[in-house]
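Structure record follows, encoded as structure tokens.
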Amino acid sequence: MIDFFIRLKDERKRLKFNQTVFGELGGVSIDAQSDYETGKRFPDARYLTAIAAAGADVCYILTGTRTPTIPATTSPDESALLDAYRAADEAGRAALLITAKAMARKP
């Protein structure tokens, strides 16, 4: 958790919020926000949920790994295929890939 406060500040800046506004989005004072960003205190789940709703990548803040995103242009069918792939076991994923590659070939 040593880099937590650095990533929290980075994420706030990525979203172009100052400490006051970001703290308000998270339901805390500017003093609390400042304490979170300097490592003096750690926020609770309510705060993290609130900033996630404002667009913060909480997975990145906590772990340093960005949450993969699906482009906004993804159709419902594409999302369903991705969900099916993710839910499948190793053999199912292999079969889906083979099928998709075969169907994508142009005659």
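Working only within region 55-66, note down all residues that are in a loop (DSSP other than H, G, I, E, B) and surrounded by 13 or more Cβ atoms within 10 Å (Cβ to Cβ).
Initial filter on region 55-66 (in a loop (DSSP other than H, G, I, E, B)): 55-57, 64-66.
Selection gives ALA56, ASP57.
I'm told THR49 meets every condition in (1) of a type in the set (Ser, Thr, Tyr); (2) surrounded by 12 or more Cβ atoms within 10 Å (Cβ to Cβ); (3) closer than 19 Å to ASP3 by Cβ except one. Can you identify the failing condition by its number?
The single condition THR49 does not satisfy is (3).
Just checking, does region 33-54 include any residue being at pLDDT below 95, part of a loop (DSSP other than H, G, I, E, B), within 13 Å of the chain's Cα centre (by Cα) and of a type outside the set (Phe, Trp, Tyr)?
Yes, that holds for at least one residue.
Out of curiosity, is THR73 within 17 Å of the chain's Cα centre (by Cα) and more than 14 Å from PHE5 (Cα to Cα)?
No: the conditions fail for THR73.
Going through region 67-81 one residue at a time, which ones are surrounded by 10 or more Cβ atoms within 10 Å (Cβ to Cβ) and modelled with pLDDT of 80 or more?
THR67, GLU78, SER79, ALA80, LEU81
Report yes if some residue within region 82-90 is surrounded by 11 or more Cβ atoms within 10 Å (Cβ to Cβ), closer than 30 Å to LYS16 by Cα and in contact (Cβ under 8 Å) with a residue 12 or more places away in the chain; otherwise report no.
No, region 82-90 has no match at all.
Select from region 85-107 the residues that are in contact with a helix residue (DSSP H, G or I) (Cβ under 7 Å, 6 or more places away or on another chain) and either among the hydroxyl-bearing types (Ser, Thr, Tyr) or outside any loop (DSSP other than H, G, I, E, B) (or both) and list them in ascending order.
Result: TYR85, ARG93, LEU96.
Which of the residues that make up region 1-46 are surrounded by fewer than 17 Cβ atoms within 10 Å (Cβ to Cβ), within 21 Å of THR63 (Cβ to Cβ) and among the hydroxyl-bearing types (Ser, Thr, Tyr)?
THR38 - this is the single residue of region 1-46 that is surrounded by fewer than 17 Cβ atoms within 10 Å (Cβ to Cβ), within 21 Å of THR63 (Cβ to Cβ) and among the hydroxyl-bearing types (Ser, Thr, Tyr).
The values are calculated or read from the model by the stated rules, or taken from the named source; none is laboratory data. Since we're looking at a predicted model, the values are computed, not measured. For neighbour counting, all protein chains shown are included, and Cβ atoms are generated from backbone atoms with ideal geometry for every residue, glycine included.
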